[in-house]
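Working notes, beginning with the structure itself.
Each value in this text was obtained by applying a stated rule to the coordinates, not by laboratory testing. Note that the structure is predicted; figures quoted are calculated from it, not measured. Methodologically, a virtual Cβ is constructed for each residue, glycine included, from the backbone with ideal geometry; neighbour enumeration extends over all protein chains shown.
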Amino acid sequence: MTVIGVVGGGQLARMMIPGAINLGITLRVFAQSPDDCAAPAITAVGDFRSAEDLMAFCEGLDVLTFDHEHVPVAVLEALEASGVSVYPRSAALALTHDKTVMRAALAQLDIPQPRWAVLGASRNPEEVLQQVGGFPCVAKLPIGGYDGKGVRVIESFADIEDWMALGDVLLEERVNFVRELAQLGARRPGGSWVSWDAVETVQANGVCSEVIAPAVGLTEAMRADAARIGSRIAHDIDVVGILAVELFETADGVLLVNELAMRPHNSGHVFTELSVTSQFEQHLRAVSDFPLGATTLRAAHGVMVNIFGGVDPDAARSVADNYPAIKIHSYDKSPRPGRKAGHLVASGSQIEFVLQDARDAGARMNTGRYDG
Ligand SMILES: Nc1ncnc2c1ncn2[C@@H]1O[C@H](COP(=O)(O)OP(=O)(O)O)[C@@H](O)[C@H]1O
Ligand SMILES: [Mg+2]
């Protein structure tokens, strides 16, 4: 029986559990706390920055994979050097650790992306600003940001004095996109790649709130373009497992890469109901070099809405009462303002009804009750 270890005990690891059960894979999760939401599969608790802790966890595993991208590259390299099968490989994962490293790698591959430049101690800020077209532009912390926490639209350098004191800041042109898309797919070590059609993602304050799958009204040329960008990146940087490519769609039909993730991604949660194969099962198949599942859709449209703060049991009951076809996923996390606590998925043949049901059910769940 294949044994897969997952570093990180969040909702992504949690949602890998059903796929592992179906495939007869033993899943072992390395978490920070025994109460993390992947609790049913947690077998070790430790520090993911510690090579020693992770080395002990890897004993008896066939493959090591991830629910987050925070394990330091040096630790990943040490594990690889000792013979552990780490997927995705450290060389690929390194791109997701640092947004400037990712931008430089995409530039090397000639993948379309926003204009960007690095603001550092040795550079003249005005020159760097010119490279991204001046203010307003977007500033990003290269390392450690998530859910928009390391992203600011800035009108002056005074807006990022605190970040500039810390070190390099990534500047990007502010893209005037018409919408955001995500292209997901999975790749096996030998190179076979299977993708889903691009989805639309909606962000509120930098955090994903809603996903519409597949993206409505995407021309055939753009659908193919998104798929090509995903497959090129996956092959050229040798990704194994799920690759999620966040994209900006501009008014003139151009796709620009925003960022990459090499693990199941919030934009792919909708596929658990909508697709023959969920992204979680597909990730396990890919990293264990098992044939990839079909990504055929089971319904014409699916909409996912995130639930923030906490999952209110009364609200869940009211959604279940009114929408028996909507699937609710609770991550079993203790409530905290703004935290991703769950999501729901509606699917069906007519997009306007699917959207309406998903948004109504989402509004019932996102009551603000846990917002403090
Ligand atoms: N260059 C940009 N131009 C316009 N909006 C942007 C740009 N970069 C990021 N954003 C907005 O901020 C959101 C979060 O940025 P992102 O780099 O994806 O950070 P995170 O790692 O927090 O997801 C994006 O989904 C998008 O809505
Ligand atoms: Mg993002």
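Sort 63-74, 137-148 by packing, meaning the average of other beta carbons within 10 Å per residue, with the highest value first.
63-74, 137-148
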Query raised in the report: Can you give the extra length, in nm with one decimal, that the chain gains between residue 252 and residue 115 once fully stretched, where that is 0.36 nm per residue apart less the Cα-Cα distance?
Result: 47.7 nm
**Report entry** Mean separation of Cα contacts under 8 Å (6+ apart) over length of the range 238-284, as relative contact order %
**Finding:** 36
Query raised in the report: So for 29, 207, fewest C-beta neighbours within 10 Å to most, what's the order?
Result: 207, 29
Query raised in the report: Rounded, prolate or oblate: which one fits the chain, using the alpha carbon gyration tensor with axes a ≥ b ≥ c (rounded when a/c is under 1.5, else prolate when a/b beats b/c, else oblate)?
Result: rounded
Query - Column: log10 I(q)/I(0), Debye, Cα scatterers of the range 136-224, q = 0.20, 0.23 Å⁻¹ - result: -1.01, -1.11
Query raised in the report: Taking the Cα centre of each part, how many Å lie between the range 21-57 and the range 175-227?
Result: 30
Requested in this report: Under 21 Å Cα to Cα from residue 340, which lysines show up? Leave out anything in the same chain fewer than 8 places away.
Outcome: 149, 327
Query raised in the report: Amide H neighbours of residue 123 under 5 Å, counting only residues 5+ apart in sequence or on other chains, H built in-plane at 1.01 Å?
Result: none
Query raised in the report: If you rank 247, 297 by fewest surrounding Cβ atoms within 10 Å, what's the result?
Result: 297, 247
Requested in this report: Return the single residue from 89, 115, 285 with maximal mean-square fluctuation; model: Gaussian network over the chain, springs between Cα atoms under 10 Å.
Outcome: 115
Report summary line: The alpha-carbon center of the range 299-372 and that of the range 132-147 are separated, in whole Å, by 30
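Add +1 for every Lys or Arg and -1 for every Asp or Glu among the other residues with Cβ under 11 Å from the Cβ of residue 342, and state the total. Don't skip to the answer; put the middle values down first.
Numbers: positive: 14, 327, 333, 339, 340; negative: 312, 332.
Net charge in that neighbourhood comes out at +3.
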Query raised in the report: What is the list of residues in the range 157-181 whose amide nitrogen lies under 13 Å from a point 7 angstrom out from the Cα of residue 123, following Cα to Cβ?
Result: 164, 167-173
Query raised in the report: For the chain, what is the mean residue ellipticity at 222 nm derived from helices alone (per DSSP H run of n ≥ 4: -39500 (n - 2.57); sum divided by total residues; nearest 500 deg cm²/dmol)?
Result: -9000 deg cm²/dmol
**Report entry** Cα-based Rg / Dmax (Å) for the range 77-172
**Finding:** 15.4, 49
Query raised in the report: Label points 7 Å out from Cα along the Cβ direction at residue 81 and residue 33: separation in nm?
Result: 3.4
Requested in this report: Give me the number: length gained by fully extending residue 155 to residue 43, i.e. 0.36 nm times residue separation minus the C-alpha to C-alpha distance, one decimal in nm.
Outcome: 35.6 nm
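Could you compute the net charge surrounding residue 9? Neighbours are other residues with a C-beta less than 10 Å from the C-beta of residue 9; K and R count +1, D and E count -1.
Here the charged neighbours net out to -2.
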Requested in this report: Write out the trypsin sites (Lys or Arg not before Pro) in the range 150-194 meeting two conditions: DSSP loop, and at most 13 other Cβ atoms within 10 Å of their Cβ.
Outcome: none
